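What follows is calculated from the coordinates using simple rules that are stated; it is not laboratory data. Bear in mind the structure is a predicted one, so any value in this text is a computation, not a measurement. No Cβ is skipped: glycine too gets one built from the backbone with ideal geometry, and neighbour counts run over all protein chains shown.
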Amino acid sequence: MRTLIKGGTVLSATGTSVADVLVDGEKIAAVAAPGVFGEADEVIDATGKYVMPGGIDAHTHMEMPFGGTFSHDTFGTGTTAAAWGGTTTIIDFAVQAKGTTLQSTLDKWHEKADGNCAIDYGFHMIISDVNDTTLKEMESCIGAGVTSFKMFMAYPGVFYSTDGEILLAMQKARETGSTIMMHAENGIAIDQLAAQAFAAGKTEPVQHGLTRPPELEGEATSRAIQLAKVTGSPLYIVHLSAAQALAAVAEARNAGQNVFAETCPQYLYLSIEDMAKPGFEGSKYVASPPLREKSHQRDLWRGLRTNDLSVVSTDHCPFCFEDQKVLGADDFRAIPNGMPGVEHRMDLLHQGVVAGEITLERWVETCSTTPARMFGLYPRKGVIAAGADADIVIYDPKAKQTLSAETHHMNVDYSAYEGFELTGRVETVLSRGSVVVSAAGFTGSTTHGRFLERDLNQYLS
Ligand code: URP
Ligand code: ZN
Ligand code: ZN
Ligand code: ZN
C-alpha cells in the first residue's frame, strides 16, 4: 500500500519546504520535490497544509494510581484522544509501588497497555523504592527498552526519595548512560506549609498553589542539579513551571552539564488565578507543580526559544471533576493531582507560533523531534524522512476551533481550556502508514499501537 501526500509544506526542526511524501507500508519511502512520484494507491492532497512528524508526548499518565483513585483515561481512550490531536507516540510512566520490583511493575504496565493503544507507546519507570534489587533492575529495564527513570523530591511517604536514594540511582544512571527524570519540588517543606494552611482552616483548592511556592521548585531543581553533577548523571527536569527552576537549569546548561528540561502547555497558558476560581472550580487546575503567577509564562516562552526548555509534554493525568476531584472537597491536600491535556498539546503550542513566541521549526522540534532524540526514538520517530515510521500529521494552520469538554475525546468531564479559541487544527493523522484520523473521524484501532523499545538519550555528551 503506497500513499502519496502531495503538495504540502513539509516541516522539520531545521526548515520547511513544499514537497511530496511517499509512504510505503508503515514507513516513509521518500520525500521529493512536487510531482516527482508517479502512481500511488491513495493520494492525499495537502496543498496549503503542513505535513509534519507526528507529535511525541513524553509525559503521560494513563490509568495511573494516585490518591486512592486512577487517572480516568485508559491506554485505549487516552491514546485515541492523543491521535485526534496529532500525537502519534506517548511515553507513559510505569509506577513502582513500594515493596515491589521494577520487573513486576513493568509486567503490570505491559498488561494494561499492550493491545490497548491506538498509537505507539513507550514507558519510563517511576522509582519509589530504592534498594539493591531496584538498582540492579535498572539495568534490566534498560535492556527492555525503558531507558529513563523518574524520581520524586515531592510526595513524602508515597513516591518521595531521599537525597541519598537519589544519589544512588543517579550513580547507576551514570554507569548505564540512562537518564534520571526529576519531579523537583521540596516535598518535605511543602507538606509542612500545607499542614499549617489546613490547620488554619484554609481548605480550598488555591491553597494547593499557595503552599507550593516557586522557590521550593527552584530549590529542589538546584539540588537535583548538584546531585547530578556530583554523580555525573544526566538529568531531565519534568514539568518545569517556575522561573526560579528555569534559571537553575539555564545555569547548569551554560556550564556544560547534561541537564535538560520540559515544560507543559498548562504552565504556558493557565495560572494560579484559575486555581482560585470560586466554588470548587479551582480543583480542575490542581496539579503539581502548581500553576504559577502569570509572570512566569514570559520566562517559560523564552526558555523554549533558548532551548533551556527543550521539550513540551503534557503531564496528562486526568481526574473527573464530579467523582474524583471532589475527594478533596474538604481538604485541598486530598484533591487528586493532575490535569487533562494529551489531546491539545500540538494545537496549544501552535498558538505560540501564531503569536510569534516560537518558530514553526521550534514547534516541531519541542513537540516531536527533540522528545524523539531525548528518549532514544530518533530517527524512527520525530522526523519526516526516508526510513522513518510514517507517523505523519497533516495540519491546517488556518482552521479555527474552540476547545470544550463537549467535543474533546479525553475520558474526562471537563476541559482545562474550555472556550479557548484556537487557530489551526489537525486534519489527517497517519500512524505507521495507516490513516487513523481524517474527515471521516477516528478510523484507527486500539490494537494498532506497538510498544517501543527505546535507546539511550541521544543528546548525551
Ligand atoms: O500533578 C501531577 N503532575 N500529577 C501527575 C504525577 C506527576 O507528578 O507527574
Ligand atoms: Zn511529577
Ligand atoms: Zn507526571
Ligand atoms: Zn469516574
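Between rounded, prolate and oblate, where does the stretch 54-374 land on the alpha carbon gyration tensor, with a ≥ b ≥ c its root eigenvalues, rounded for a/c under 1.5, else prolate if a/b exceeds b/c? Because its axes are fairly even, with a/c under 1.5, the stretch 54-374 counts as rounded. Other residues lying with their Cβ under 12 Å from the Cβ of ALA144 contribute a combined charge of -3, Lys and Arg counting +1, Asp and Glu -1.
In the stretch 1-110, the DSSP beta bridges split such that about 60 percent are antiparallel, to the nearest 5. This ranking places PHE280, PHE149, PHE159 by how few other beta-carbon atoms lie within 10 Å of each, fewest first, which gives PHE280, PHE159, PHE149.
Its Cα centre serving as origin, the chain has a Cβ charge dipole (Lys and Arg +1, Asp and Glu -1) of approximately 820 debye. Loop-located trypsin sites (Lys or Arg not before Pro) in the stretch 120-213 (DSSP state not H, G, I, E or B) with no more than 16 neighbouring Cβ atoms inside 10 Å: LYS202. Report, for the chain, the % of DSSP beta bridges that are antiparallel, rounded to 5. Around 50 percent antiparallel, to the nearest 5. For the stretch 1-100, the set of GluC sites (Glu not before Pro) satisfying both a DSSP loop assignment and a count of at most 13 other C-beta atoms within 10 Å is given as GLU39.
Ordering 436-449, 3-16, 208-221, 233-246 by mean Cβ neighbour count within 10 Å, with the highest value first, yields 233-246, 208-221, 3-16, 436-449.
Quick check: Cα centre of the stretch 244-303 to Cα centre of the stretch 90-155, how many Å? Between the Cα centres of the stretch 244-303 and the stretch 90-155 lies a distance of 26 Å. The trypsin sites (Lys or Arg not before Pro) of the stretch 22-103 that DSSP puts in a loop, and whose beta carbon has at most 12 other beta carbons within 10 Å, are LYS98. On a per residue basis, the convex hull of the C-alpha atoms belonging to the stretch 223-361 measures out at 121 Å³. Short-range pairs are left out: with C-alpha atoms under 8 Å and at least six residues apart, the relative contact order of the stretch 54-374 is 19 percent. For the stretch 77-189, the Kirkwood estimate of the hydrodynamic radius, built from every pair of different alpha carbons, is 14.7 Å. Other residues lying with their Cβ under 13 Å from the Cβ of ILE190 contribute a combined charge of -3, Lys and Arg counting +1, Asp and Glu -1.
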